[in-house]
Amino acid sequence: MRKMKAILLREFGGPENLFYGETDKPVPKANQILIRTVAAAVNKPDVMQRMGQYPPPMGESEILGLEVAGEVEQIGDAVSKFKPGDKVMALVAGGAYAAYTTAYEGHVMHKPASMDFNQAACVCEAYITAYLNLFMLGALKHDQSVLLHGGGGGVNTAAIQLCRNLLSNCKIFVTASPGKVDRVKELGADHVIDYQNQSFADEIKSLTENRGVDVVLDHIGGPYLESNMKSLAVGGTLMQIGVSEGVKAELNLALMMVKRQRIIGSVLRSRSIDEKARIIEKFTEVVLPKFADSSIVPLISDVFPLEQAAQAHKKMESSQHFGKIVLEV
C-alpha cells in the first residue's frame, strides 16, 4: 500500500503529542471518494479526540479531522455524482489531517467557484452542525429569537451568519468574552453578553422583557443548564451539542413541564452514513447557494501548514481565535 503524509498521535494528551509523519494512503470503498486534501479545518472535537475523550466511530480513521476540501483523486465503483478532478468539500468522521482523505459520496459537495479551498474546508462541520441543530432540530423560525454560546468559535460564527441569511427578524443573542464582544456585534448579533462579567440569564430576562428566547444552542454543558433553562421562553428548545465544561447538573423538571420546554441532545459525528447524507442533501439545497453567491463567507481566523497542527491546536485551546482555524496541505 502506498504511503502518505499525515498528522499522527504518539499518545493521548497535549498538542505536543501530534507529529507529522507517514501512514498508509486510504483506499476508497465502492461508495466512497478519495480526495487529495488541499485544506482541512480544526474543530473542538479534534482537541477532545487528541486528549482521548472523543474516539472516532468504529471503522473510521483514527487520524484527526472532520472536514476537508480538495480535489477528487479516485472514485469507488458505485459513485456516480463525482469524477476525478472535481473540486469538492466533505464531511468526514476522521482522517482530514492527511494528504488524502476518503469520504462517502453522500457526504461530499461540489465546491462553489466563489470559494477558495481554505474557505471550503470550513463549511462541513461548523455550518452543518449549526444548520442541523438550529433549523432542522431546533425548528428556529422567522420572527423568533436565539441564544448562542461560543463567542468567536467556528460553530457560533456560522450560526450567526445562518440566522442572518436564512431568517427575517430573528433576534440573535450571543455570549462572548470581553475581548470578542465588538467583533461578535459586527458579525450580526443583536446583543452580546459578556459572560465573564454578566449573568446571561438575567440579561436575557431583561432584554426580552421576561419572555426568554425560543432556542438556545449550547456546547458548555452542566454549568450552564440552569441558566439556559431560565433563558428559554415557554415552548422553547435547548439544543445541547457539547459538554466541554461538565456532564452533570440538576434540572427543575416541574418548571420545564410548566413551560413546555424541550432539551435535545445532538451529535453529528456518530450519526449513520445515510442520516448524514440526508442532512447534507438538505444543507446543499438550502444553504449552499448562500455560499455560491457569497452571501455567506466563512470567517477564517488563522491558517497553518499541516505540519504545524500542534500550533493550530494550541491556538484553539487559547480561545484567542475568531472564526475557523485552517490547515493547509
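Anything in the stretch 272-308 that is among the small types (Gly, Ala, Ser) and in contact with a Phe, Trp or Tyr (Cβ under 6 Å, 6 or more places away or on another chain)? List them, or say none.
Applying the first criterion (among the small types (Gly, Ala, Ser)) to the stretch 272-308 yields 272, 277, 292, 294-295, 301.
Passing the criteria: only Ser301.
For the structure I just gave you, tell me whether Gly221 is surrounded by fewer than 16 Cβ atoms within 10 Å (Cβ to Cβ) and touching a residue at least 12 places away in the same chain (Cβ under 8 Å). Talk me through it step by step, then tell me what you get.
Working: surrounded by fewer than 16 Cβ atoms within 10 Å (Cβ to Cβ): no; touching a residue at least 12 places away in the same chain (Cβ under 8 Å): yes.
Judged against the criteria, Gly221 is not a match.
Within the stretch 52-75, how many residues turn out to be in a loop (DSSP other than H, G, I, E, B), under 15 Å from the mean Cα position of the chain (by Cα) and among the hydrophobic types (A, V, I, L, M, F, W, C)?
Of the residues in the stretch 52-75, 2 are in a loop (DSSP other than H, G, I, E, B), under 15 Å from the mean Cα position of the chain (by Cα) and among the hydrophobic types (A, V, I, L, M, F, W, C).
Let's see how each residue does on (1) modelled with pLDDT under 95; (2) polar (S, T, N, Q); (3) assigned to a strand (DSSP E or B):
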{"position": "Ile220", "(1), (2), (3)": "yes, no, no"}
{"position": "Pro223", "(1), (2), (3)": "yes, no, no"}
{"position": "Gly236", "(1), (2), (3)": "no, no, yes"}
{"position": "Val243", "(1), (2), (3)": "yes, no, no"}
{"position": "Lys248", "(1), (2), (3)": "yes, no, no"}
{"position": "Leu251", "(1), (2), (3)": "yes, no, no"}
{"position": "Ser270", "(1), (2), (3)": "yes, yes, no"}
{"position": "Lys276", "(1), (2), (3)": "no, no, no"}
{"position": "Ile279", "(1), (2), (3)": "no, no, no"}
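If only one of Arg262, Arg269 is among the charged types (D, E, K, R) and crowded, with 19+ Cβ neighbours inside 10 Å, which one is it? Quick ask: steps written out before the conclusion?
On the way: Arg262 fails: crowded, with 19+ Cβ neighbours inside 10 Å.
It is Arg269.
Can you pull out the residues in the stretch 281-309 that are in a loop (DSSP other than H, G, I, E, B) and either surrounded by fewer than 19 Cβ atoms within 10 Å (Cβ to Cβ) or aliphatic (A, V, I, L, M) (or both)?
In the first step, residues of the stretch 281-309 are kept if they are in a loop (DSSP other than H, G, I, E, B); the result is 287, 293-299.
Within the stretch 281-309, Val287, Asp293, Ser294, Ser295, Ile296, Val297, Leu299 meet the criteria.
Quick grid of which residues meet (1) crowded, with 19+ Cβ neighbours inside 10 Å; (2) modelled with pLDDT of 95 or more; (3) of a type outside the set (A, V, I, L, M):
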site: Glu67; (1), (2), (3): yes, yes, yes
site: Gly70; (1), (2), (3): yes, yes, yes
site: Ile75; (1), (2), (3): yes, yes, no
site: Pro84; (1), (2), (3): no, yes, yes
site: Ala90; (1), (2), (3): yes, yes, no
site: Ala96; (1), (2), (3): yes, yes, no
site: Thr102; (1), (2), (3): yes, yes, yes
site: Glu105; (1), (2), (3): yes, yes, yes
site: Ser114; (1), (2), (3): no, yes, yes
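Tell me the residue from Phe304, Phe283 that is of a type outside the set (Asp, Glu), at negative phi and free of Cβ contacts under 8 Å to residues at least 60 places away in the same chain, please. Don't jump to the end; show me each part of the working.
Details: Phe283 fails: free of Cβ contacts under 8 Å to residues at least 60 places away in the same chain.
Exactly one residue qualifies, and that residue is Phe304.
With the checklist (1) assigned to a strand (DSSP E or B); (2) crowded, with 22+ Cβ neighbours inside 10 Å in hand, flag the one item Gln49 doesn't pass.
So Gln49 meets the others, but not (1).
Being more than 12 Å from Leu148 (Cβ to Cβ) and without any contact (Cβ under 8 Å) to a residue 40 or more places away in the chain: is that true of Leu232 here? Even if it seems obvious, please write down each step before you answer.
On the way: more than 12 Å from Leu148 (Cβ to Cβ): yes; without any contact (Cβ under 8 Å) to a residue 40 or more places away in the chain: yes.
For Leu232, the condition - more than 12 Å from Leu148 (Cβ to Cβ) and without any contact (Cβ under 8 Å) to a residue 40 or more places away in the chain - is met.
Pick from the stretch 226-268 the residues that are closer than 20 Å to Leu140 by Cα and among the β-branched types (Val, Ile, Thr): which of them is farthest from the chain's Cα centre (by Cα)?
Val234
Looking at Thr175 and the list (1) farther than 25 Å from Glu125 by Cβ; (2) crowded, with 18+ Cβ neighbours inside 10 Å; (3) of a type in the set (S, T, N, Q), which single condition is not satisfied?
(1)
Filter the stretch 28-43 for residues that are at pLDDT 95 or above and in a loop (DSSP other than H, G, I, E, B); which is nearest to Ala98 (Cα to Cα)?
Here is the first cut: in the stretch 28-43, the ones at pLDDT 95 or above are 28-42.
Imposing the further condition that a residue be in a loop (DSSP other than H, G, I, E, B) reduces the set to 28-31.
Numbers: Pro28: 15, Lys29: 18, Ala30: 21, Asn31: 20 Å.
Checked the stretch 28-43; the qualifying residue nearest to Ala98 (Cα to Cα) is Pro28.
Check off (1) surrounded by fewer than 20 Cβ atoms within 10 Å (Cβ to Cβ); (2) modelled with pLDDT of 95 or more for Val326 and give me the number that stays unchecked.
Failed condition: (1).
Name the one entry in Ser318, Ser295 that is without any contact (Cβ under 8 Å) to a residue 24 or more places away in the chain and outside the structural domain of Ser227 (by TED's automatic domain parsing). Don't jump to the end; show me each part of the working.
On the way: Ser295 fails: without any contact (Cβ under 8 Å) to a residue 24 or more places away in the chain.
That would be Ser318, the only listed residue that is without any contact (Cβ under 8 Å) to a residue 24 or more places away in the chain and outside the structural domain of Ser227 (by TED's automatic domain parsing).
Could you list, in sequence order, all residues of the stretch 283-324 that are closer than 16 Å to Arg50 by Cα and within 16 Å of the chain's Cα centre (by Cα)? So that I can check it myself, show each step before the final result.
Let us first name the residues in the stretch 283-324 that are closer than 16 Å to Arg50 by Cα, namely 306-318.
Answer for the stretch 283-324, where residues must be closer than 16 Å to Arg50 by Cα and within 16 Å of the chain's Cα centre (by Cα): His313, Met316, Glu317.
The values are calculated or read from the model by the stated rules, or taken from the named source; none is laboratory data. Keep in mind that what you see is a predicted model, and the values were worked out from it rather than measured. Counting neighbours? That spans all protein chains shown, and the Cβs are built from the backbone with ideal geometry, glycine included.
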